[in-house]
Amino acid sequence: MSRVAIQEFDSDGGSDFRLLHENILADLQKVLKAKDLPLYDMALYHFGVADKDLDNRGPIMKYGILTQLILMSQGKDTGKFYSIASALELINGFLEVHDDVQAGNPTREGRDALWWVWGPAQAINAGDAMNSLARVIIVGLEENGVSGNLIYKALQIVDQALIETMEGRFQDLEMQEKLDVAEDEYLSMSKSKRGALVGASLAMGALFSGLNSEVQSNLIECGRNVGVASQINDDLKEILVDRDDGNVEFLNKKKLYPLVVAMNKAGPSQKRKLGEVYFKRVLLEEDLKVVREIIYELDVIDLCKEKLHMYKINALGNLADLSGDTDTIQRLFSHEFYGALHS
């Protein structure tokens, strides 16, 4: 169990989340250790379950937990579906590895990122292997008696989520080169980039619980709403908090939501100041102070928090017609667990 996870799961119902995390991680470790190639040692390292990672400081198994919670809400035996949870975590691992290479992040979860240890080329290989292995796991469910039709639908859900995620990431990178970004454009990007895999994880739980396609669609939309709330939450932290990593997202010229709102609200002089910052070839930490001053001057923070709250309410609304033990699901959106799950 990771140090991070122990702390963040210490909330009402936290023992359920902790147990799910540990079981998914154990299944993932078993899958990767069955492969006899250093490529998979790299994956073990990324997830914090290599033999040398005795304190296991890997990521929280948040996407697998989402799937398991939907199954639990429908009274299903989650033990039969840990492989689905592992597959989703492998897909997320693939995305995280590529994120770190793309952004040049030297650390993840408080330790050296995979590419920083093995180099970007081998890290990309390891990330791609995670993605392919996830699909192999899903197809292999046929050996456990899962019908081909169900497997096909599962692959559809996963592939659609990956397409949406990549589209969102494309939009995100495009925005780095623009100063003026429409708010609707930004929110649409966030739904895809941050929400698609959340929605797919919820929908996979519904699929293997026997819930119909309408319920699955509602859960996919729930994930999109969570994605927007998650993105705004992280963007606020990036703007307001001095981070140990030096506020990498800001320094990489990512168009953070508070900045998008500020640009749409700013007057000519404030826009000129923001332009002077973002037209620089390289941003420095002192540039963040200039941006913060303008954001506070325009009272942007409260507007961002209101939007974040709205999307959390929308996500809860998507769960309204879900039958079964919905309290299990709604705990995910509690104040205590929200940050741990979606940061």
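The values are calculated or read from the model by the stated rules, or taken from the named source; none is laboratory data. Please read these numbers as outputs of a predicted model, since none were measured by experiment. Positions of Cβ are backbone-derived with ideal geometry, glycine not excepted, and every protein chain shown enters the neighbour counts.
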**OP:** Kindly indicate whether any position in segment 83-99 is touching a helix residue (DSSP H, G or I) at 6+ places or on another chain (Cβ under 7 Å), in a loop (DSSP other than H, G, I, E, B), surrounded by fewer than 21 Cβ atoms within 10 Å (Cβ to Cβ) and not hydrophobic (A, V, I, L, M, F, W, C).
**Re:** no
Subject >> Any chance Lys178 is of a type outside the set (Val, Ile, Thr) and in a loop (DSSP other than H, G, I, E, B) >> reply: yes
Original post:
If you take the residues in segment 130-176 that are loosely packed, with under 15 Cβ neighbours inside 10 Å and charged (D, E, K, R), which one is farthest from Asp27 (Cα to Cα)?
Top reply: Glu174
**OP:** Could you tell me whether any residue of segment 194-208 is assigned by TED's automatic domain parsing to the domain that holds Val158, outside any helix (DSSP H, G or I) and at pLDDT 95 or above?
**Re:** yes
Original post:
Of all residues in segment 109-129, which are surrounded by fewer than 21 Cβ atoms within 10 Å (Cβ to Cβ) and in contact (Cβ under 8 Å) with a residue 40 or more places away in the chain?
Top reply: Glu109, Gly110, Arg111, Val117, Trp118, Gln122, Asn125
Subject >> Restricting segment 117-138 to residues that are in a helix (DSSP H, G or I) and small (Gly, Ala, Ser), the residue that is farthest from Tyr152 (Cα to Cα) >> reply: Ala121
Original post:
With (1) assigned to a helix (DSSP H, G or I); (2) surrounded by fewer than 23 Cβ atoms within 10 Å (Cβ to Cβ) as the list, and Gly227 as the residue in question, which single condition is left unmet?
Top reply: (2)
Original post:
Quick one: would you say Gly58 is part of a loop (DSSP other than H, G, I, E, B) and surrounded by 21 or more Cβ atoms within 10 Å (Cβ to Cβ)?
Top reply: yes
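Matching residues to (1) in contact with a helix residue (DSSP H, G or I) (Cβ under 7 Å, 6 or more places away or on another chain); (2) in the same structural domain as Leu173 (by TED's automatic domain parsing); (3) farther than 19 Å from Gln176 by Cα:
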residue	(1), (2), (3)
Gly223	yes, yes, yes
Gly267	no, yes, yes
Leu288	yes, yes, no
Tyr296	no, yes, yes
Tyr311	yes, yes, yes
Original post:
Would you pick out the residues in segment 242-288 that are closer than 20 Å to His309 by Cβ, more than 20 Å from the chain's Cα centre (by Cα) and not small (Gly, Ala, Ser)?
Top reply: Leu259, Val260, Val261, Asn264, Lys265
Original post:
Ala87 is checked against (1) closer than 19 Å to Ser201 by Cβ; (2) modelled with pLDDT under 95 and fails just one. What number does that condition carry?
Top reply: (2)
Subject >> Filter result (among the acidic types (Asp, Glu) and modelled with pLDDT of 90 or more) within segment 37-66 >> reply: Asp41
